[in-house]
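Let me begin by presenting the structure, written as structure tokens, before commenting on it.
The values are calculated or read from the model by the stated rules, or taken from the named source; none is laboratory data. Every value quoted in this text rests on a predicted model; they were computed, and no experiment measured them. Neighbour counts run over all protein chains shown; Cβ positions are idealised from the backbone, glycine included.
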Amino acid sequence: MVTGRAGAARLLVLAALLATAPAKGADEGLAASGRRMLADVRALTSEAFGGRRAGTRGADDAAAFVASSFRASGLLPAGKTGSYLQPFSFVDGATPGPGNRLSAAVGAPVSRGYRLDEDFRPLALSASGTVEADVAFCGYGIASPETGYDDYAGVDVRGKAVLVLRGGPGGDDPDSPFARHFPLRAKLDLARRNGAAALLVAPARGDALVSLRTDFDVEPSALPGVSVRRRVAEALFAGSGTTLAALQARIDGAAKPAPLPLPRARVTLAVDLVPHRATTANVAGLVPGRDPVANRQAVLFGAHYDHLGDGGAGSLDRSPSRRIHPGADDNASGTALLLELARTLSRRRGELKRSALLVAFGAEEEGSLGARVLAGAPPVPLGDVAAVICLDMVGRLPREGLIVRGTGTSPRFRDLVASAAREAGLAVRPFDPAWGPSDHAVFLAAGRPVLFLFTGYHRDYHRPSDTADRLDVSGMERIHRFLEVIALRLLGDAEPLPFSRVPGDGVPARAR
Ligand SMILES: [Zn+2]
């Protein structure tokens with residue numbers, strides 16, 4: 001149990017902290033672990049941290065808060081050069097330079113010039129450079145092995161400018177089986193892997209150009225890419241015997257690709273961008289295992305601490321003014337659970353054979369950038385990471401129970417999850433596949449056994465109303481007990497944890 005040895009001194013400090021917090025009925029009836037987690041959620045969601053958008057001071061302050069909590073729990077620093085922080089920079093937008101051009105010739109020697117911001121706009125993650133190329137239409141620019149759908153099948157796009165639509169067949173619903181392929185950087189990467197020379201992206205619905213502030217990555221793409229209006233895309237089909245609208249309707253209707261070379265169309269494209277770089281950090285701490293052999297292996301426990309700041313990219317808020325998005329469930333809840341797990345494991349370090357690596361990831365909302373940076377420069381070699389357990393949005397436990405994805409990624413996981421749930425008195429909904437749009441997907445792609453804990457979406461998701469008072473902290477206490485049982489089992493022995501790939505969970509490794 002969690003509450004076992006909380007010292008009197010700590011309780012006094014806690015009482016002093018809580019005395020300054022606003023009086024809340026929610027505190028009553030909570031165990032010590034619940035009160036500590038609620039205090040951490042309140043700190044992380046406080047106005048001082050401004051919604052924790054990666055690249056802002058609020059996120060830096062939140063990272064420092066996590067680091068000081070790791071230090072107070074006695075974790076060893078596992079970041080860069082003796083610190084808890086693993087800083088990294090990323091592209092969070094771009095400014096157009098003077099040299100952006102797009103023109104197209106369709107079945108005629110005379111080309112038509114288009115206007116920047118009226119007809120086209122470079123994608124924020126585009127490479128700068130000039131391309132002159134024939135055009136091929138490739139549907140939504142998606143190849144999805146898990147559904148057998150491939151917009152590039154049977155069409156040679158080497159050296160061509162590929163025209164694709166945003167979103168996926170049937171819409172851009174986040175629950176679509178194609179959702180993981182919606183990000184523009186995924187479409188840029190796939191076009192590049194297929195040998196394309198450039199990417200043109202047209203809206204599937206509406207007619208907006210893509211903003212230069214909606215896409216993020218650690219590095220820009222190596223491929224030039226622009227977003228174009230519908231009329232620019234439609235014009236490339238002149239003389240082809242069909243239209244963009246007709247092909248889109250065909251793809252949407254049958255969820256079947258309909259790629260089409262457009263040999264009459266030739267585009268000339270010049271992209272001239274100055275990328276913006278922002279910096280943020282992962283926060284990493286280690287509880288070393290006691291077994292001199294097994295402690296080279298680690299189990300990674302991760303939760304992202306960043307959120308959406310005062311709105312902008314990723315926000316679902318429709319109000320005209322910017323408001324702080326506190327992100328209590330997403331993901332102050334997971335961060336608070338991680339900090340409580342740090343206290344628990346530190347107290348019970350004598351029982352650990354393997355080491356525990358605890359990581360609060362930065363820039364998850366920008367596309368799991370922190371997880372990708374960590375996987376590229378891991379504090380423990382990835383081959384020695386026996387399992388990865390990620391928490392993202394675990395503050396609103398529904399009656400049906402906690403969602404646990406990834407029980408099929410190692411043969412031990414089904415029994416482990418079931419027995420830990422019994423011991424913790426927690427209802428769980430296990431799913432064998434692990435994939436989902438969060439940090440754990442990075443480690444799944446790297447072939448690590450992965451469990452992902454999640455209490456579900458709700459109407460406050462990515463809105464300013466995702467506040468601390470709406471969390472179910474007693475549910476978080478139960479999730480913590482469950483997590484504690486799992487952690488102590490996985491850390492307390494050195495039994496191998498083989499990885500198994502769940503059919504349909506086959507995430508292609510990203511190009512980078
Ligand atoms: Zn989120």
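Only residues that are modelled with pLDDT of 95 or more and either under 34 Å from the mean Cα position of the chain (by Cα) or surrounded by 18 or more Cβ atoms within 10 Å (Cβ to Cβ) (or both) were counted in the range 98-114, giving 7. Within the range 455-466, no residue that is within 20 Å of Gly436 (Cα to Cα) and not assigned by TED's automatic domain parsing to the domain that holds Ser321 sits with its Cβ atom under 9 Å from a residue that is assigned to a loop (DSSP other than H, G, I, E, B) and at pLDDT below 95 at 6+ positions apart or across chains. The condition of being buried (at least 19 other Cβ atoms within 10 Å of the Cβ), of a type in the set (Gly, Ala, Ser), within 16 Å of the ligand (Cβ to nearest atom) and touching a residue at least 60 places away in the same chain (Cβ under 8 Å) holds for only one of Ala356, Ala332, Ala281, Ala265, that being Ala332. For Leu391, the stated conditions do not hold, so it cannot be described as surrounded by 24 or more Cβ atoms within 10 Å (Cβ to Cβ) and under 18 Å from Pro77 (Cβ atoms).
Regarding Val299, is this residue in the same structural domain as Val450 (by TED's automatic domain parsing), away from the ligand (no atom under 16 Å from the Cβ) and touching a strand residue (DSSP E or B) at 6+ places or on another chain (Cβ under 7 Å)?
Numbers: in the same structural domain as Val450 (by TED's automatic domain parsing): yes; away from the ligand (no atom under 16 Å from the Cβ): yes; touching a strand residue (DSSP E or B) at 6+ places or on another chain (Cβ under 7 Å): yes.
In short, yes.
Filtered by the rule that a residue be in contact (Cβ under 8 Å) with a residue 12 or more places away in the chain and among the hydroxyl-bearing types (Ser, Thr, Tyr), the range 134-185 gives Tyr140, Ser144, Thr147, Tyr149, Tyr152. Of the residues that make up the range 251-261, is at least one loosely packed, with under 15 Cβ neighbours inside 10 Å, assigned to a helix (DSSP H, G or I) and in contact (Cβ under 8 Å) with a residue 60 or more places away in the chain? No, the range 251-261 has no match at all.
Annotation for the range 456-471: at least one member residue is among the charged types (D, E, K, R), at pLDDT 95 or above and away from the ligand (no atom under 16 Å from the Cβ). Tallying residues that are over 20 Å from the mean Cα position of the chain (by Cα) and closer than 20 Å to Tyr457 by Cα within the range 396-414 yields 5. State yes or no: is Glu351 assigned by TED's automatic domain parsing to the domain that holds Leu85, surrounded by fewer than 24 Cβ atoms within 10 Å (Cβ to Cβ) and away from the ligand (no atom under 16 Å from the Cβ)? Answer is yes for this residue.
Over 17 Å from the mean Cα position of the chain (by Cα), within 18 Å of His307 (Cβ to Cβ) and modelled with pLDDT of 95 or more, is that true of Ala336? I'd like the intermediate steps shown before the answer.
Numbers: over 17 Å from the mean Cα position of the chain (by Cα): yes; within 18 Å of His307 (Cβ to Cβ): yes; modelled with pLDDT of 95 or more: yes.
So Ala336 passes the test.
Within the range 312-329, can you find the residues that are closer than 14 Å to Thr45 by Cα and away from the ligand (no atom under 11 Å from the Cβ)? Those that are closer than 14 Å to Thr45 by Cα and away from the ligand (no atom under 11 Å from the Cβ): Arg323, Ile324, Pro326, Ala328. All conditions but one from (1) in a helix (DSSP H, G or I); (2) free of Cβ contacts under 8 Å to residues at least 24 places away in the same chain; (3) under 24 Å from the mean Cα position of the chain (by Cα) apply to Met476; the one that does not is (2). Being within 16 Å of Ala136 (Cβ to Cβ) and of a type outside the set (Lys, Arg) holds for only one residue in Pro220, Pro183, Pro261, Pro288, and it is Pro261.
Within the span defined as the range 421-437, one or more residues are within 13 Å of the ligand (Cβ to nearest atom), outside the structural domain of Ala179 (by TED's automatic domain parsing) and under 15 Å from the mean Cα position of the chain (by Cα). Where strands (runs of 3 or more DSSP E) fall wholly inside the range 109-163, the ranges with 3 or more residues that are under 18 Å from Asp215 (Cβ atoms) and out of contact with any His (no Cβ under 7 Å at 6 or more places or on another chain) are 120-122.
Within the range 450-471, the set of residues being part of a loop (DSSP other than H, G, I, E, B) and over 19 Å from Ala363 (Cβ atoms) comprises Thr455, Gly456, Tyr457, His458, Arg459, Asp460, Arg463, Pro464, Ser465, Thr467, Leu471.
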